[in-house]
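Engineer: Shown below is the structure under consideration.
The values are calculated or read from the model by the stated rules, or taken from the named source; none is laboratory data. Being a predicted model, the structure only gives us computed values, none of them experimental. We place every Cβ from the backbone using ideal geometry, glycine too, and count neighbours over all the protein chains shown. Heavy atoms of the whole protein, side chains included, go into the accessibility calculation; ligands, DNA and RNA do not. Shrake-Rupley method; radii C 1.70, N 1.55, O 1.52, S 1.80 Å.
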Amino acid sequence: MADGQGVTPEDMQKYLNLDADGDASILADMISTAEDAVTGAIDDTIGIDVYRAYPLFNQAVRVLVDYMYYSRGALSDQNKAYPPSYAYMINSIRWKIQRDQAAKSGEANG
C-alpha cells in the first residue's frame with residue numbers, strides 16, 4: 001500500500017486472507033464506515049488524506065474492518081463494541097494527529 005493511499009479492498013483481502021474476488025464491494029463499504037468511525041472518534045474536521053498518511057490510522061481501519069467483517073450478524077452476541085487494540089490505536093492516533101495539526105497551525109500563524 002502506498003503512503004497516504006489508505007486502506008483498499010485489495011489490502012483488506014490480503015489482510016483477511018480472502019480470495020482475490022471475494023467481497024470487494026462489501027470491504028469497500030466497511031472501509032468507508034471504519035474511516036468515518038475513526039475520524040469521528042478523533043476529529044472529523046481534519047481531512048481524510050491527513051489521516052491516511054498515518055500508518056496507525058490505517059491499521060486501526062484494518063482492525064475495525066476485520067472486526068466488522070467477522071462479526072456480521074453476530075453483534076448481539078458480542079461483549080465489546082470494539083476490539084481493545086482498536087481503542088488503544090484511537091487514543092494513540094488522537095494525540096499524535098492533534099499535536100501535529102496544532103504544530104502546523106502554529107507554523108501557519110507564526
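Engineer: So VAL7 ticks every box in (1) assigned to a helix (DSSP H, G or I); (2) surrounded by 15 or more Cβ atoms within 10 Å (Cβ to Cβ); (3) at pLDDT 95 or above but one. Which box is left unticked?
Structural biologist: (1)
Engineer: Report every pair of residues separated by at least 6 positions or lying on different chains whose Cβ atoms are under 9 Å apart, first residue within the stretch 23-39 and free of Cβ contacts under 8 Å to residues at least 24 places away in the same chain and open to solvent by less than 60 Å² (accessible area, probe 1.4 Å), second part of a helix (DSSP H, G or I) and of a type in the set (D, E, K, R).
Structural biologist: Filtered contacts from the stretch 23-39: ALA24/GLU10.
Engineer: Quick test of your reading of the structure: LEU18 fulfils all but one of (1) surrounded by 14 or more Cβ atoms within 10 Å (Cβ to Cβ); (2) part of a helix (DSSP H, G or I). Name the failing condition by number.
Structural biologist: Of (1) surrounded by 14 or more Cβ atoms within 10 Å (Cβ to Cβ); (2) part of a helix (DSSP H, G or I), only one is false for LEU18: (2).
Engineer: Among the residues in the stretch 89-103, are any closer than 20 Å to ILE26 by Cβ, open to solvent by 90 Å² or more (accessible area, probe 1.4 Å) and at pLDDT 75 or above?
Structural biologist: At the first step, the residues of the stretch 89-103 found to be closer than 20 Å to ILE26 by Cβ are none.
Within the stretch 89-103, none of the residues are closer than 20 Å to ILE26 by Cβ, open to solvent by 90 Å² or more (accessible area, probe 1.4 Å) and at pLDDT 75 or above.
Engineer: Does TYR82 fit the bill of being at pLDDT below 95, of a type in the set (Phe, Trp, Tyr), assigned to a helix (DSSP H, G or I) and surrounded by 16 or more Cβ atoms within 10 Å (Cβ to Cβ)?
Structural biologist: no
Engineer: How many residues are under 10 Å from the mean Cα position of the chain (by Cα) and surrounded by fewer than 17 Cβ atoms within 10 Å (Cβ to Cβ) if we restrict to the stretch 49-58?
Structural biologist: Number of matching residues: 2.
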